[in-house]
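*Asks:* First the structure, then my questions, so here it is.
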Amino acid sequence: MEDVIIGLEIHVQLNRLRSKMFCGCSTDYHNSEPNSHTCPVCLGLPGSLPVLNKKAVEFGIKVGLALNCTIEEETLFYRKNYYYPDLPKGFQISQYDFPLATRGHIMILGDDGVERDIRINRAHMEEDPGRLVHAGTIDRAKYTMVDYNRCGMPLLEVVTEPDLRSPKEARAFLDKLKSILEYLEVFDGSLEGSMRVDANISLKGGDRTEIKNISGFKGVEKALSYEITRQKNMQRRNIKVVQETRHFDEIRNITVSIRSKVGAHDYRYFPECDLVGLRIASWVPAIKAALPELPDAKRKRFVEQYNLSDDHAKSLTSEIKVANFYEAVAARAPPKLAAVWIADVLKGELNYRGRTIDGFSQEHMAGIVNMLAEGKITEDGAVQVIRDLLDGRGSSPDEIVKSKGLGKAEDDAVQKAVREAVAESADAVADYKAGSERALNFIVGVVMKKTRGKASPGEVHRLVKAEVEKI
Amino acid sequence: MLMELREQLLSGSAEDYLSKLFLKIERSSLNGFTSLARESALQQAREFDKNPGKGRLAGVPIAIKECISTKGIETNCSSNILRGYIPPYDAHVIQQLKAEGAIIMGKTNMDEFAMGSSTETSCFGPTRNPWDLDCVPGGSSGGSAAVVAGGEAPCALGSDTGGSVRCPASFCGIVGLKPTYGLVSRYGLIAYANSLEQIGPLTRTVEDTALLMEVIAGHDERDTTSAEGKRSYLPIKEGVSGLKIGIPREYFGEGVNKEVERAVWDAINTLEGLGATWKEVSLPHTKHALAAYYVIAMSEASSNLARFDGLRYGLRLGEDKDWHTTFSDIRAKGFGPEAKRRILLGTYALSAGYYGRYYLKALKVRTLIKEDFLRAFKDVDLLAGPTMPIPAFRIGERINDPLSLYLADVFTVPINLAGVPAISVPCGFAGHLPVGLQLIGRHFDEATVLQAAHTFEKATFFHEKMPEVI
């Protein structure tokens, strides 16, 4: 594969804050009328002045530390000047020199299966502009409406070095970043537009293009894949890839040019004198001390403390909610078995249904794992219980086990049937011993008949095999 | 003055007083007011007459510069681009005034977006100087100064970015104070150059200025640059004995009108006679102040005025085209030539490749100028000099020569660059036109500035002189 060079700029809404970046307006605007969460400050009315939300800076420092960045002694805000209808002041309050955090790194699993550090260039704070609602697609809209509810939402822009080598790695980086942000309780990724990505991409030897404002991780992967194909084909046709800004059209799944380098902005950055420089060095120790355990550390601890495989530990720690769920279950049931059942079964069943772990009871999970550990239930039975609980068939594991006859008593009946069937099927046993794996199917059929189809064929097959092996 | 006015209002009628002012304004040829809040003001006056209340400014009418936001009253910076904009909120100073019972009587003319020293760049046409109707009142708070000097309002608020309160106070023969940067909240003041400007009073006496400062100064959490703490200015200490006054060498000599220089020296002699001592000091970077000031002010202005795109408020021109064309047309039509000049120059100064050469260099000069003042204030308590190098000039005389207009700000802009407080008090006449004495103090030492100005005023009669137009 040709060398692909990708760098990302990720705009993260620090949406776990209650108020906006420079005013007291609530950040909880997602279900509100357009332009109802506004005030003179976030509307940029003449004469209004920004007042910095200190908590937002605290959140920013938290993230900076979690990304292994250096936190600057003093941080400054700048004005980034440009005209756009979503920007009511004609400038965006952002950072330029002396950003909050610089030079960090986080680890991802590379396409080669090896974990490696992706360098972070900087993380700086800025205010979100309003939201444009186009009538149609961006390049063909007849008119556009503006909603300023989002205006002034606290954003953290995380800029990576061009260390990513494929759309998949870009996705892995974003997953990891999201995981860290949720661990820090500064970010809720379930809200629309909470994370928006600009991606810079080039093929070796070519100019880079920037794809702006992609929402959704799948979108990033798709946009990058499309852009690689486009640039590759340009090269094959001997057309020069020009440096430009492109937009990802989610409906058509292609990128379209919106601005060439010739028309590039000069943002005329200069210090925002309505805010004063902020000495943040002294804030750092307390914030650092209060940092929660982060995904990589938790994963390591799970391996050591619960004796888990690295894969299970990784699967359980990628989402803080899953990790917390697991630890709650592991406190009441055998940890290793709990890990298998949560990572391999429960997560799969949830994914399949597009559900999150919030809706599943920790107590139920612990109950299921304990029944498994005590041999009161078969593996197939346990899967059945999980599915029934998720689909609202039954109120508790006990109740489902009882009503469906998945319990130990039934289990004994199956065992009995297996023993009888093996004893009655000397020919088949002999065939099996002679090397015919298929001979077992005959015995399984006998058992199924004896149990009137109540037993699970997979489980029966396993039991029959074990019984025959004993002979 | 205001103290006596309050007594009068209590024994008489605020409604009568205000009605007479409105009548006078209607017949006036000053063009000082741009709009009157007749209904709400008279209503408030009637309420005062029924129940005067305890506010320190209860029943006192006040005129407000066009760039200070007043809820429900059009606030347009004397610019076409903001015509029709009615703020949904009051500036901090307006809230403070209202809380003390003051009556907002109307808005006053100014240079467009406070860009000028003559009030000629207003979209409402020039304001006239009550001492000579053919002359400018100074600027940019020319409307506020003219209506106070002309007896159309007992007091007013202006704003001072590079001399915009002191210049018109000097030209119109009244008192004007530019407070220490951070002393008065800028919340609601429509920004021209936000790192330089302060709201300040324009009054007939120093005591009135102190009274207004008591009301408008103080911490406001909505302005991050607003200083902590509450200071008191009344009663003003009288006497200047023991006070050491510095006379900056650079504030006299070439370019200073002889009669202005004489009037200012007379004032210094008067202060010496009252017990102060003086010595010559040097503010060596004064010659670079104008250049630095204009680079900084225009750079900030280019950004501050970017929000006026007609999308949410202000001027709109019939049919909309695409975004870029629409806002460009609105700005082309809405801004006057001086605002455009400053936006263009400021945009240029901040551009990639020029930022270091202009803006950063200007910031360095600003630091040097501030250090000039700090050094001088190690030896002296106050600095004294002319507010303006010239008396009021004729309307139209300099409007086509922006550079000569900019040069007239030579003694006022260093004060804004340094952030120190300065007052202009009437100290004599050049011909028939008033001359202002500028007294400059240490950061947050308005008390000493007011003390010297008040003592000087008590010993002289200049503030009692009224222009004949009245």
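What follows is calculated from the coordinates using simple rules that are stated; it is not laboratory data. Treat the numbers as computed from the prediction; the structure is a model and nothing was measured. Positions of Cβ are backbone-derived with ideal geometry, glycine not excepted, and every protein chain shown enters the neighbour counts.
*Asks:* Tell me the volume per residue, in Å³, of the convex hull enclosing the alpha carbons of segment B:171-274.
*Replies:* Hull volume normalised by residue count: 156 Å³.
*Asks:* Along the three principal axes, how long is segment A:339-402 when you take its alpha carbons, biggest first, rounded to the nearest angstrom?
*Replies:* Principal-axis extents of the Cα atoms in segment A:339-402, largest first: 30, 23, 19 Å.
*Asks:* While we're looking at this one, here's another question. Would you mind estimating how fast segment B:399-445 diffuses translationally, via Stokes-Einstein at 37 °C and 0.692 mPa s with the Kirkwood radius over Cα pairs, in µm²/s?
*Replies:* D = 264 µm²/s.
*Asks:* For A:Asn351 and A:Lys336, calculate 0.36 nm times their separation in residues minus their Cα-Cα distance, and state this gained length in nm to one decimal. Kindly include the intermediate steps, with their values, before the conclusion.
*Replies:* On the way: separation 15, 0.36 × 15 = 5.40 nm, distance 2.16 nm.
Gain on extension, A:Asn351 to A:Lys336, equals 3.2 nm.
*Asks:* Let me ask you something else. Restricted to Cα positions, what overall size does segment A:65-180 have along the principal axes? Three whole-Å values, descending.
*Replies:* That works out to 49, 38, 21 Å along the principal axes.
*Asks:* Compute the length gained on full extension between A:Asp296 and A:Gln243: take 0.36 nm times their separation in residues and subtract their Cα-Cα distance, giving the result in nm to one decimal.
*Replies:* Taking A:Asp296 through A:Gln243 to full extension adds about 15.4 nm, to one decimal.
*Asks:* Further question: For the residues B:Met213, B:Met105, what sequence is obtained by ranking on other C-beta atoms within 10 Å, fewest first?
*Replies:* B:Met213, B:Met105
*Asks:* Using 1/(1 + (r/R0)^6) with R0 = 22 angstrom and r between the beta carbons of B:Asn51 and B:Lys24, what's the FRET efficiency to the nearest 0.05?
*Replies:* 0.25
*Asks:* Mind listing P(r) for the protein assembly as shown? All alpha-carbon pairs, 20 Å bins, whole percents.
*Replies:* Here the calculated profile for the protein assembly as shown is 12, 34, 26, 16, 7, 4, 0.
*Asks:* Same structure again: If amide hydrogens are placed 1.01 Å from N in the peptide plane, which non-local residues have theirs closer than 5 Å to the one on B:Ile103?
*Replies:* B:Gly59, B:Val60, B:Ile62
*Asks:* How many nm separate the modelled label positions at A:Asp391 and A:Asp117, each set 7 Å beyond the Cα in the direction of the Cβ?
*Replies:* Placing both labels 7 Å beyond Cα along the Cβ direction yields 4.9 nm.
*Asks:* Averaged over A:36-49, how many beta carbons belonging to a partner chain fall within 10 Å of each residue's beta carbon?
*Replies:* The per-residue average across the peptide is 6.
*Asks:* Counting other C-beta atoms within 10 Å, which of A:Met371, A:Met234, A:Met365 has the fewest, and how do the rest follow?
*Replies:* On the way: A:Met371 22, A:Met234 15, A:Met365 26.
Ordered from fewest to most neighbouring Cβ atoms within 10 Å, A:Met371, A:Met234, A:Met365 come out as A:Met234, A:Met371, A:Met365.
*Asks:* To continue, here is another question. What translational D, rounded to a whole number of µm²/s, comes out for chain B from Stokes-Einstein when the hydrodynamic radius is the Kirkwood one over Cα pairs, at 10 °C and 1.306 mPa s? Don't skip to the answer; put the middle values down first.
*Replies:* Values: Rh = 21.9 Å.
Stokes-Einstein gives a translational diffusion coefficient of 72 µm²/s.
*Asks:* Still on this structure: Let me know the whole percent of all Cα-Cα pairs from segment A:297-423 that are separated by more than 24 Å. Intermediate results must be reported in sequence, preceding the final value.
*Replies:* On the way: 2462 of 8001 pairs.
Here the tail beyond 24 Å accounts for 31 percent of pairs.
*Asks:* Here's another thing I want to ask about it. Between the DSSP loop rule and a limit of at most 10 other Cβ atoms within 10 Å, which GluC sites (Glu not before Pro) in segment A:397-451 are left?
*Replies:* A:Glu437
*Asks:* By the gyration tensor of its Cα atoms, with a ≥ b ≥ c the square roots of the eigenvalues, what is the shape of segment A:114-242: rounded for a/c under 1.5, prolate for a/b over b/c, or oblate?
*Replies:* oblate
*Asks:* For an R0 of 25 angstrom, estimate the FRET efficiency from the Cβ-Cβ distance between B:Lys364 and B:Lys279 and round to the nearest 0.05.
*Replies:* 0.30
*Asks:* Hey, another quick one. Ignoring solvent entirely, what values of log10 I(q)/I(0) come out of the Debye formula for segment A:1-69 at 0.17, 0.18, 0.20, 0.21 Å⁻¹ when each Cα is a single scatterer?
*Replies:* Here log10 of I(q) over I(0) equals -0.77, -0.82, -0.93, -0.98.
*Asks:* Where both partners of a DSSP beta bridge lie in chain B, what percent of those bridges are antiparallel, to the nearest 5?
*Replies:* 70 percent
*Asks:* A follow-up question, please. Volume per residue, Å³, of the convex hull around the alpha-carbon atoms of segment A:409-470? Present the calculation step by step, with values, prior to reporting the outcome.
*Replies:* Details: hull volume 4.1 nm³, N = 62.
Each residue corresponds to 66 Å³ of Cα convex hull volume.
*Asks:* Amide H of B:Cys135: which non-local residues (sequence gap of 5 or more, or other chain) have their own amide H closer than 5 Å, using H built in the peptide plane?
*Replies:* Amide H neighbours of B:Cys135, under 5 Å, 5+ apart: B:Asn129, B:Ile395.
*Asks:* What value does segment A:4-287 have for Rg/Rh, both radii from Cα atoms and Rh as Kirkwood defines it?
*Replies:* 0.96
*Asks:* Please figure out what share of the DSSP beta bridges in segment A:4-287 is antiparallel and state it in percent, rounded to the nearest 5.
*Replies:* Percent antiparallel among DSSP bridges in segment A:4-287 is about 95.
*Asks:* Order B:28-37, B:365-374, B:109-118 from most to least packed using the mean count of other Cβ atoms within 10 Å.
*Replies:* With the highest mean Cβ count within 10 Å placed first, the list reads B:109-118, B:28-37, B:365-374.
*Asks:* So, one more: Neighbouring Cβ atoms within 10 Å as the yardstick, rank A:Cys23, A:Cys273, B:Cys67 fewest first.
*Replies:* Ranking A:Cys23, A:Cys273, B:Cys67 by Cβ neighbours within 10 Å, fewest first, gives A:Cys273, A:Cys23, B:Cys67.
*Asks:* What is the Cα centroid distance between segment A:215-232 and segment A:316-387, reported in whole angstrom?
*Replies:* Measuring centre to centre over Cα atoms gives 35 Å.
*Asks:* Considering only the other residues whose Cβ falls under 15 Å of the Cβ of B:Ser79, what net charge follows from Lys and Arg at +1 and Asp and Glu at -1?
*Replies:* Details: positive: B:Lys65, B:Arg83, B:Lys107, B:Arg307, B:Arg316, B:Arg331, B:Lys333, B:Lys340, B:Arg341, B:Arg342; negative: B:Glu66, B:Glu74, B:Asp111, B:Glu112, B:Glu120, B:Asp309, B:Glu338.
Neighbour charge sum, excluding B:Ser79 itself: +3.
*Asks:* What distance in nm lies between label points placed 7 Å from Cα along the C-beta direction at A:Glu374 and B:Glu4?
*Replies:* If labels sit at A:Glu374 and B:Glu4, their model points lie 9.9 nm apart.
*Asks:* Give the calculated FRET efficiency between A:Arg18 and A:Asp431 to the nearest 0.05, with a Förster radius of 60 Å applied to their Cβ-Cβ distance. Intermediate values should be presented prior to the final figure.
*Replies:* Values: r = 72 Å, r/R0 = 1.20.
My answer for the efficiency is 0.25.
*Asks:* Could you work out, residue by residue across A:267-277, how many beta carbons of other chains sit within 10 Å of that residue's beta carbon, and then give the average as an integer?
*Replies:* Mean partner-chain Cβ count within 10 Å for A:267-277: 6.
*Asks:* Cα gyration tensor of segment B:168-225, axes a ≥ b ≥ c as square roots of the eigenvalues: rounded (a/c below 1.5), prolate (a/b > b/c) or oblate?
*Replies:* oblate
*Asks:* Percent of Cα-Cα pairs more than 21 Å apart in segment A:156-224, please.
*Replies:* Here the tail beyond 21 Å accounts for 23 percent of pairs.
*Asks:* Something else: If you average 1/r across every pair of different Cα atoms in segment B:94-184 and take the reciprocal, what Kirkwood value do you get, in Å? Before the final figure, lay out each step's value.
*Replies:* Numbers: mean 1/r = 0.0770 Å⁻¹.
It works out to 13.0 Å.
*Asks:* Shifting gears a bit: When DSSP beta bridges are limited to those with both residues in the protein assembly as shown, what percentage is antiparallel, rounded to the nearest 5?
*Replies:* DSSP beta bridges in the protein assembly as shown are roughly 85 percent antiparallel.
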